[in-house]
Every structure is written in structure tokens, then in C-alpha cells.
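Data block below; observations after.
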Amino acid sequence: MRFCEILGQQDIKSQLCQAVREGRIAHAQLFTGISGVGKLQLAIAYAQYIACPNKSDTDSCGKCPSCLQYQKLQHPDLHFAFPIVKTDNGDVCDEFVEKFRNIILENRYFDLDDWYRELGVETKQGMIYEKESSEILRKLSLKSFSDGFKVMIIWQPEKMNATCANKLLKLLEEPPAMTLFLLVSEHPELLLSTILSRTQEVKVPRLSEEIIAQGLQNEYTWLTQPDATSVAHMANGSYLTAIKTMSESADNQTHFDDFVALMRNAWLVGQKKDYSALLKLRQWSNDMADSKMGREKQKAFLQYVQRQIRENYIYNFACPAMNYQTEKEKQFSTKFAPFIHDGNVEKMMNELAKAEQQITQNGNPKMIFFDLCLQMIVLVK
């Protein structure tokens, strides 16, 4: 993967190329930023640029044997670690590496939910297990194929279990010769502080609306400029969000319907004393806790609700440029936004964030979602 194939991020590309030209290659680097801004792509292009013997000042050549191997993600000195779910096939990444290569080559921009769908484990949570740390050490202890850097790209390192993270820390403290660790994280705050202190952070910013709009028009040639601009505005700096908005997935529609049901019934119980709506909330919480939904979708819903609470609070300021909503969401906000105000917005966000954290920690979803209903009854007014 070459830098020229990656959307935007010119400053980061220049920074990485300059570091290589000046011989300032830190042995452990942490690429951080929201999903959909090109962190993983930049890490791969950076590794390819380092390995290319015919590189220019701004990019790898894309034609030498090393670049051709990197283009297929099959260079013998390039290794990956990423979250997986234990199956009969094993509990190390090598068992799933072909699928990981395919999703990068076919989709470029993807997140954990997309990866879990690729694995067919949407209802489970992935992890980088302890055994992977031994595999990382084994791979990096081998002699380099090209007498250059051996590269280990760890995608979503915050998903490492505690034992794996501690073993990685030792590798970062005493790395084998000519090794390069490239960690790609969306939530660096979840990493061990000792790992953070031993890596050089590369902060990958959100993409501009102009760049996202241009990328959409290049990918969807039928898309008009006004529509591309509207989608880019809602994407809030993430090209992945823009792509998912374009697809109008059933999940997004379901999230909206569930959000409306939660808020409407909570208001009916709390403000209109319509206790039949309480039974609807109980059924709603049971539906949300259904095992078919899976924890990742439950978390995605809670994140969606947090975004909608923010958007409805901002809606009250009558500043359309600050709102990131679809037409249907805007239509609902015309009536719902007055109920989100200084007196309850912070408490609502705290309750939603707490519920998301409890789901992440494998809490009982029926209890979590029904408790959330009770909190919304009190707060929506």
C-alpha cells in the first residue's frame, strides 16, 4: 500500500517520510485516532516505504519486489496481530491472517464490527490472547528476509488481555534488533500507561469534509456534489462513517427506531404517567438484551444514542452547521430536542456511558438496559 492510495492525511504522510529520510525511525510507534481516518493504512504504507529500496522523497516506488509483496500484504518481514475469538481453529492470529489480509485489501476502511462479521462471530467479543505474545516474540526473533526491519503491526492493541500486554511491554523495553512495532489504536487510554510511555504517538486527525466528499464522489460516481457534502458533514471526519451512511444499513435504521422507542416511552411514563408504556419499556429492554443482538451491536446502539443526545442538545442552538444528522433524525429532533437541556444532558450522557461500559465488562444486558430505561424515565422531561 502506497501513501498516494490513502485519502488525505498529507501532513502525517510528510512527517513519516521525513522521519525515514532523516533516519529517525522509532522502534515503537502508536497510531491513534477515530475509526475511518486511515490509521492502519498509514502504518502499512509507512512499513512499505521503509522497506522500499527505490523510494522517492514522498512515497515507495510500488514496483520493486518488496513493494509488490507489501501490496499483497505478504512480505515475509510483515506480521500482524489483531483481536480474534477462540475457536476450534485456534487462538493465535496466524489462523485468521488470510481473512485479515482480505478485509484490508477489499475494504480498506473497516472497524471491529466489520472484522467480527468477517469472522462470523458478531455476538462475541474478540481479544488478543496470551499465546499471541509468544508468537510475536518468535516471529521477531527470526532473521530478517531482506536484512531490513521486521515489522509487527498490532491492530486494536487495547484488546490485548493483561498477560499479553505485560509480555508485549517487555518486548518494547528490550526489542530484538531491527524490529519495528506499529500499534494502531482507537482507544489508547485503555492501554497500559507503561506501554504508552514506550511508544511514539502519531496522532491521525479527522479528515476534512472536502476530502471525504471528494473521496465519495470518486467511489460513487453517480453522487452529486451537494449530496456528497451532506454525507461528509454527517461523517464528522471519518470516511468509514461516510461509507456506512451511504450504505444506509439496516442497523442504522434499527438504532434510530430503538432510540425513538426508548425516549418516547420514557417520556410517557415519566411525564404523562402512562404506565402501559412501562410494560413497553420492559419488553424493549428484553429485546435489546436478546443474545442474537450481541454485545458489539448493543455497544454500537449505546454509542448511537449518545451521539443523538449530543445532536439534540446542539439542535437547540439553531446552528445547522454544528448538527450531524440524517433528515429523519432532524425531523425527530424538531419535537424531541427541547427535552434535552442543561438540566439533564450531562446526567443522560453519564448513564449511557455507564451502560456501555457495563456491556463491555460482560454485565447482564437485561438488567443494564432496564436500569437505563428507569434512568431515562427520570431524566427525560
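The values are calculated or read from the model by the stated rules, or taken from the named source; none is laboratory data. Just so it is clear, the model here is predicted, and its values are computed rather than measured. Every residue, glycine as well, gets a Cβ built from its backbone with ideal geometry; the counts of neighbours run over all protein chains shown.
Per-structure values
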| quantity | calculated |
| --- | --- |
| Flag if residue 62 is more than 27 Å from residue 171 (Cα to Cα) and surrounded by 22 or more Cβ atoms within 10 Å (Cβ to Cβ) | no |
| Single residue of 331, 298 found to be touching a helix residue (DSSP H, G or I) at 6+ places or on another chain (Cβ under 7 Å), of a type in the set (S, T, N, Q), in a helix (DSSP H, G or I) and modelled with pLDDT under 95 | 298 |
| In the stretch 228-253, the residues that are in a helix (DSSP H, G or I), more than 18 Å from residue 34 (Cβ to Cβ) and without any contact (Cβ under 8 Å) to a residue 24 or more places away in the chain | 228, 229, 230, 247, 250, 253 |
| Given (1) surrounded by fewer than 18 Cβ atoms within 10 Å (Cβ to Cβ); (2) part of a helix (DSSP H, G or I), index of the condition residue 274 fails | (2) |
| The stretch 360-375, subset under 24 Å from residue 277 (Cβ atoms) and out of contact with any Ser or Thr (no Cβ under 9 Å at 6 or more places or on another chain), residue surrounded by the most Cβ atoms within 10 Å (Cβ to Cβ) | 375 |
| Residue, farthest from the chain's Cα centre (by Cα), within the stretch 168-210, restricted to residues that are of a type in the set (Ser, Thr, Tyr) and outside any loop (DSSP other than H, G, I, E, B) | 179 |
| Whichever residue in the stretch 301-338 is aliphatic (A, V, I, L, M) and over 18 Å from residue 366 (Cβ atoms) and, among such residues, is surrounded by the fewest Cβ atoms within 10 Å (Cβ to Cβ) | 321 |
| Residue check for residue 223: assigned to a loop (DSSP other than H, G, I, E, B), within 22 Å of residue 106 (Cα to Cα), hydrophobic (A, V, I, L, M, F, W, C) and at pLDDT below 85 | yes |
| Meets criteria (over 28 Å from residue 138 (Cα atoms), within 18 Å of the chain's Cα centre (by Cα) and touching a residue at least 12 places away in the same chain (Cβ under 8 Å)) for residue 36 | yes |
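Here is a yes/no grid of residues against (1) part of a loop (DSSP other than H, G, I, E, B); (2) charged (D, E, K, R); (3) farther than 26 Å from residue 42 by Cβ:
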| residue | (1), (2), (3) |
| --- | --- |
| 80 | no, no, no |
| 102 | no, no, no |
| 109 | yes, no, no |
| 121 | yes, no, yes |
| 131 | no, yes, yes |
| 135 | no, yes, no |
| 138 | no, yes, yes |
| 147 | yes, yes, no |
| 166 | no, no, yes |
